[in-house]
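Reviewing the structure listed below.
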Amino acid sequence: MATTVAALRETVPGERRVALTPEVAKKLKARGATVLIEQGAGGSAFFPDAGYAHAETASASAVLGRADVLLCVQPPTLEQIGQLREGAIVIGHLQPHLAPERSKALRERKLTSFAMELLPRTTRAQAMDVLSSQAGVAGYKAVLIAAEAAPKFFPMLTTAAGTIRPSKVLIVGAGVAGLQAIATAKRLGAQVEGFDVRPETKEQIESLGAKFLDLGVSAAGSGGYARELTAEEREQQQRALAEQLKGFDVVVTTAAVPGRKAPRIISAAMVAGMRPGAVIVDIAAETGGNVEGSEAGKTVTSANGVSLIGTANLPSSAPVHASEMYARNLYNFLELMLADGELKLDWDDELIAKTCLTHAGEIRHEPTRTLVGAA
């Protein structure tokens, strides 16, 4: 019997993406799956129901009742989890560290869930990496927000009234979001520098035409992430960064670690030392913020006239391309377990085993298991 792969209309306020696009629906149909979407599921991302030629449409309750696999952008609600059939599979960005009650509900309903943020960061997994694809959107959008808010031009301009010097832009963090931000700021003509505590990022930053800001601190860690700085290293970094920030017109902070609070990099004292009119865009505002005083979804102006812009769900602001990339990521992951329209879970596959959050009434992810036990 063909597997039914389904998606709902996202209900979180401000969420415009959809987990299943017409392109992916066509691919799933070709693989022998039945595709089912809620009426209007893709509307906010400009994918009307009429475009889903290879999918059936139904009400939300009907979708949940028939789904063998539910694809989602935001985690399903407790009510939605309760409507899924026992043994169904949920795949998406499930944020287990934020809601132990959701993980508990998935376990109690005996649902198999895959939290895509747990996906191992390996070469083989790149085509499935939702964190990277959506971070690229965030980095691009953050620089556009900064350019719009800045009281100066980004590029150098030669005019009859004289030459306008380019804005100086600093990108903090050289992950996917940071590198995309660097590339975007360079395209807009700014004078760009990039900073990251991982020394291996120097070559990546310079390959994009930016200058690497060396603060004399190296914190290379495992898995492509930075290790935690020692107290002495942090103090050294803070002193050096505070001095450097005085010379920048725009700063975009992108440092984040999945499943953990964002590292605090820029203090209120550093902001107080910056020039009036400077702009800081904090991509990490939703997870605690890289900048002291930033608030997700708000712009705060400091006493010395520095604008602190805390972003919220930037990928949703480019719903067409963000949805296309996200849906392809989920499809590539689902391909690991879909054969001739039927599901076959290979627990010897590292990507399946390590991305699994719950299965057969158990929480497979140890940190989440500990979190639920403590809740």
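The values are calculated or read from the model by the stated rules, or taken from the named source; none is laboratory data. On a predicted model such as this, the values are computed, not experimentally measured, just so you know. Backbone-built Cβ (ideal geometry, glycine too); neighbour counts: all protein chains shown.
There is no residue in the range 266-285 that is part of a helix (DSSP H, G or I) and among the polar types (S, T, N, Q).
In this structure, is residue 227 assigned by TED's automatic domain parsing to the domain that holds residue 19, basic (Lys, Arg) and modelled with pLDDT under 95? Considered against the rule, which asks whether it is assigned by TED's automatic domain parsing to the domain that holds residue 19, basic (Lys, Arg) and modelled with pLDDT under 95, residue 227 comes out as no.
Yes/no matrix, rows are residues, columns are (1) surrounded by fewer than 23 Cβ atoms within 10 Å (Cβ to Cβ); (2) among the basic types (Lys, Arg):
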residue	(1), (2)
13	yes, no
17	no, yes
21	no, no
26	yes, yes
37	no, no
45	no, no
66	yes, yes
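Note on the range 1-118: enclosed strands (runs of 3 or more DSSP E) holding 1 or more residues that are acidic (Asp, Glu) and farther than 30 Å from residue 257 by Cβ are 34-38, 56-58. Restricting the range 119-162 to residues that are charged (D, E, K, R) and outside any loop (DSSP other than H, G, I, E, B) leaves a set whose member that is nearest to residue 86 (Cα to Cα) is 141. So residue 164 fits all but one of (1) β-branched (Val, Ile, Thr); (2) out of contact with any Leu (no Cβ under 8 Å at 6 or more places or on another chain); (3) over 27 Å from residue 239 (Cβ atoms); what number is the exception? All conditions pass for residue 164, except number (2). Restricting 119, 94 to those that are in contact (Cβ under 8 Å) with a residue 24 or more places away in the chain, of a type in the set (A, V, I, L, M, F, W, C), under 21 Å from residue 173 (Cβ atoms) and outside the structural domain of residue 174 (by TED's automatic domain parsing) reduces the list to 119.
Filter the range 125-157 for residues that are within 15 Å of residue 251 (Cα to Cα), in contact with an Asp or Glu (Cβ under 8 Å, 6 or more places away or on another chain) and surrounded by 19 or more Cβ atoms within 10 Å (Cβ to Cβ) and give the result.
Looking only at the range 125-157, we keep the residues that are within 15 Å of residue 251 (Cα to Cα), and these are 138-154.
Cutting the leftovers down to in contact with an Asp or Glu (Cβ under 8 Å, 6 or more places away or on another chain) gives us 150, 152.
Across the range 125-157, the qualifying residue is only 150.
Find the residue count for the range 231-261, including only residues that are assigned to a loop (DSSP other than H, G, I, E, B) and farther than 30 Å from residue 355 by Cα. Looking only at that region, the number is 4.
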